1. For region 228-241, check the following and say yes or no: at least one residue is loosely packed, with under 13 Cβ neighbours inside 10 Å, aliphatic (A, V, I, L, M) and assigned to a loop (DSSP other than H, G, I, E, B).
2. State all residues of region 106-133 that are touching a Gly at 6+ places or on another chain (Cβ under 8 Å), assigned to a strand (DSSP E or B) and more than 14 Å from D83 (Cβ to Cβ); if no residue qualifies, say none.
3. Which of the residues that make up region 19-78 are touching a Ser or Thr at 6+ places or on another chain (Cβ under 9 Å), charged (D, E, K, R), in a strand (DSSP E or B) and without any contact (Cβ under 8 Å) to a residue 40 or more places away in the chain?
4. Being under 17 Å from L97 (Cα atoms) and open to solvent by less than 20 Å² (accessible area, probe 1.4 Å) is the requirement here; does S152 meet it?
5. Yes or no: D83 among the charged types (D, E, K, R), outside any strand (DSSP E or B), closer than 19 Å to F150 by Cβ and more than 17 Å from the chain's Cα centre (by Cα)?
6. Kindly indicate whether any position in region 231-242 is in contact (Cβ under 8 Å) with a residue 60 or more places away in the chain and of a type in the set (K, R).
7. Kindly indicate whether any position in region 162-175 is free of Cβ contacts under 8 Å to residues at least 12 places away in the same chain and within 13 Å of the chain's Cα centre (by Cα).
Amino acid sequence: NKLYVSHDNGVFEISNEVFDGDINESGIVFYDFNELLNSSVPRGFVDIEKIGSFIYVTNKQSGLSLYENDLNSFVKNFKYNGDATKTLASSTPTKLLYNKDENVLYVGTIGSGLFKYNIENDIFSNLNVEDGMLSNNVYDFLQIPGKLFFQSGTGINFIENNLIKNITLEDGLFPVTFHNNSLHLVNKDILISGKEYLQTFDLESINSNSDDFSINTFNILGIDELNNKNIIPFVDNKIEINYQTKTILFDLYSNNTYKSNQLKYFVEKVDDEEVIRNGYNNQVQLSGLPYYTSNL
């Protein structure tokens, strides 16, 4: 029931009574930053999020700060101290968004990706381009049931079932100079606003299943202890090597070229159900091979 307004030297807090016609000074509080007398008050903000009695604030001077009840009651600052789990590993936080179902505060940044702050556990985690984001710059959020959209770089990212997916020129989204608040929900459409023009897409259109694809082997190389390489034949879905082969390199490719750069590779070792993550690298390397039979 309050409106927070960023000012060059502080923050205005305006109660809803002012908008009901009861205009008086008691309905407006100005938190005035003063280097000597009131240095803990935020000097304006990039974004502000109120969760219960706590108020989270981002700005260029202090990064991410926490207050309780009002902006005179400073609790702590999350400035990075070397511990990426307890402090924010970025000096340029931008937008904030609270997901009540997860009890997580999402923190967008410029250059460091997207941070998730688990409020209950007081732990930070990070998502970035290595997890599939288009860019490490996050400018805007939009939360809908089951999906979190955020605008970064040349397109739109969204998180669905703990996976990061994106919408780009490949999907028909033309690059524009995005507005600071560029993501909007209009009925069942997502509207993306920029200085050049507006674009919309139906939410149902991203729920359609992708075409089936298969992973194929382009080449298999065996490397011995002297670094000599030889091509290993792939017959009846099996390869056979002798004890001199110390490393195997699989060059893999997909028959589907749509967003092939977002394809992640995993190898499962059947003997102990160990899953090896290979990221976006299509060359899988297996080293330290035992002398006995192994199944992969």
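1. Checked against the condition, which is being loosely packed, with under 13 Cβ neighbours inside 10 Å, aliphatic (A, V, I, L, M) and assigned to a loop (DSSP other than H, G, I, E, B), region 228-241 yields no hits at all.
2. L114, L127
3. E68, K76
4. Yes; evaluated as a whole, the condition is true for this residue.
5. Answer is no for this residue.
6. no
7. Checked region 162-175: at least one residue is free of Cβ contacts under 8 Å to residues at least 12 places away in the same chain and within 13 Å of the chain's Cα centre (by Cα).
Table: residues versus (1) out of contact with any Phe, Trp or Tyr (no Cβ under 7 Å at 6 or more places or on another chain); (2) among the small types (G, A, S).
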residue	(1), (2)
V11	no, no
I14	yes, no
F33	yes, no
N77	yes, no
G82	yes, yes
Y98	yes, no
N103	yes, no
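The values are calculated or read from the model by the stated rules, or taken from the named source; none is laboratory data. Computed from a predicted model, the values in this text were never measured in an experiment. Cβ coordinates were reconstructed from backbone atoms using ideal geometry, including for glycine residues, and neighbour counts include every protein chain displayed. Protein only, heavy atoms only, side chains kept; ligands, DNA and RNA dropped before computing areas. Shrake-Rupley method; radii C 1.70, N 1.55, O 1.52, S 1.80 Å.
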